[in-house]
Amino acid sequence: MDIKSEEFKLMLEAAAEKGAKKALADVGLSDEEAIHDVHELRDLLDGWREVKKAVGQTVAKFLTTLVLAAIATALAVNVYTTGE
């Protein structure tokens, strides 16, 4: 059996397309609303990333403020107890 290169490419493309359609159907993304579902998922993912970034920044600010408050308190206690 001798398959020409062009025939093989066409067969491979057809098999890949069939496999992709089956994979999309298996995860429930084969209907007309699938594109909207994907866009909604991307929007949710973008929102999640923004929340993670904001939480990280808030924690960093809180820790920085806590360290600075501890330093200020230590200095105040030192000045109060030594009188300097």
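Throughout, read-outs are computed from the coordinates displayed, never taken from laboratory work. Every value quoted in this text rests on a predicted model; they were computed, and no experiment measured them. Cβ atoms come from the backbone with ideal geometry, glycine included; neighbour counts cover every protein chain shown.
Structure data summary
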item: Any chance GLU6 is surrounded by fewer than 10 Cβ atoms within 10 Å (Cβ to Cβ) and either aromatic (Phe, Trp, Tyr) or part of a helix (DSSP H, G or I) (or both); result: yes
item: Selection from the stretch 1-22 of residues that are of a type outside the set (S, T, N, Q) and over 39 Å from the mean Cα position of the chain (by Cα); result: MET1, ASP2, ILE3, LYS4, GLU6, GLU7
